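Read through the structure below, which is laid out as structure tokens, and then see the notes.
Just so it is clear, none of the values below were taken in a lab; they were calculated from the coordinates. The structure displayed is predicted, hence computed values, not measured ones. Cβ sites come from the backbone with ideal geometry, for glycine too, and all protein chains shown count toward neighbours.
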Amino acid sequence: MIFSLNELVHWLGLTIFEIWINLISLTIFTILLALKLDNEYFMDNSGWWIVFSPLFVADGLNTYFCAIIFIRMHMGSMIKVGILRALWSLISLLLVFVFKYLLCKKLSAQSTLEYSEVLSPVFILLQLIAIRACQLH
Amino acid sequence: MAVLHRALFTWFNLLIFLILLVLRLDQRIQWNWFIVFIPMWLYDNILLIYIAFNMILFCKNAHDRLISLRRMVWYMIAVLMKLSAQILVCLKLEALQWVLPAKAVLAPFWVLFTALAADVFVHLIQNSRY
């Protein structure tokens, strides 16, 4: 589309495998979300946590994948690049996880935070992504 | 357009959209949902123009016209699907009297995400780069 897959990989610092995992989890998430919004399933208090579970599972898989990449880079004597890559992955995964966790709590009425506070990790991530965009050639 | 310009344009649109979304969700503004989605309409329309422009260029210059054209048509369909999903979301939020089922609203997203996942998977297998 507007970006090729390689440009996206360079900009967002994600691997193609991570993008694929995220797309699969988003598909499952939207299916569960539709079921929840139509009041067919997941009616109880823990319903939103079940709806969001594919996204949390994807986060877990991506973290595992990034850990493996870091270990392999470390073994391949690419320590500095490996640490920088692991740091970026850790920060982005953490911020996205915090956003989803806060959103889930907000939707299940377990917290009184406003949406501006819930989305604050996304805004921080956006600033970091803007910095990465400036490093693109 | 250079990749930096495209990235910054995307980033700026997303930022404005998220700010408007947060303000609307927190009830600080009572704007129509179609107005809140203006950055997205703008972005999608520019995307459509960009793809159409590239399509014409490919038709004139590329050696492997059929494959390039097929790819561009797929991109166009993906953007149109995103656009239709956004229109349905806005209608669901704004026209409450219509009672649109969430399944119908989110169906374009299911198709879009599945197709994108298949596309990325094919790329993953063909290039063997993770």
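Some points to look at:
- Considering only alpha-carbon pairs that sit under 8 angstrom and 6 or more positions apart, the relative contact order computed for the range A:5-134 is 24 percent.
- Helix-only CD estimate at 222 nm, as mean residue ellipticity for chain A, using -39500 (n - 2.57) per DSSP H run (n ≥ 4): -26500 deg cm²/dmol
- Legend: ranking of residues A:Lys80, A:Lys105, A:Lys36 from fewest to most surrounding C-beta atoms inside 10 Å; resulting order A:Lys80, A:Lys105, A:Lys36.
- Nearest 10 degrees, 0 to 90: helix A:47-75 Cα axis against chain A principal axis: 10
- Sorting B:Met1, B:Met55, B:Met40 from the fewest to the most surrounding beta carbons within 10 angstrom yields B:Met1, B:Met55, B:Met40.
- Projected onto their three principal axes, the Cα atoms of the range A:32-123 cover extents of 53, 26, 17 Å, largest first.
- Given their separation in residues at 0.36 nm each and the Cα-Cα distance between them, B:Val99 and B:Trp41 gain 18.5 nm when the chain is fully extended.
- Taking other C-beta atoms within 10 angstrom as a stand-in for reagent exposure, A:Arg132, B:Arg24 fall in the order A:Arg132, B:Arg24, fewest first.
- Debye-sum result for chain B in log10 I(q)/I(0), which assumes one identical scatterer on each alpha carbon, at q = 0.18 Å⁻¹: -1.18
- Pairs of Lys residues in the protein assembly as shown are counted when their Cα atoms are under 30 angstrom apart and they lie 8 or more places apart or on different chains; the count is 19.
- Hypothetical label at B:Leu69: residues of the range B:33-60 whose amide nitrogen lies under 16 Å (7 Å Cα-Cβ projection): B:52-60
- Mean per-residue shielding of peptide B:2-11 is 6, counting Cβ atoms of other chains within 10 Å of each Cβ.
- Annotation for A:Leu5 and B:Thr114: the two label points, set 7 Å from Cα along the Cα-Cβ direction, are 2.0 nm apart.
- With an a/c value of 1.5 or above and a/b not larger than b/c for the gyration tensor axes a ≥ b ≥ c computed over the alpha-carbon atoms, the protein assembly as shown is described as oblate.
- Helix-only mean residue ellipticity at 222 nm for chain B, each DSSP H run of n ≥ 4 adding -39500 (n - 2.57), per residue, nearest 500: -28500 deg cm²/dmol
- A:Asp38-A:Ile68 pseudo-label distance in nm [points 7 Å out on the Cα-to-Cβ vector]: 3.6
- Prolate/oblate/rounded call for the range A:1-75, Cα gyration tensor, a/c under 1.5 rounded: oblate
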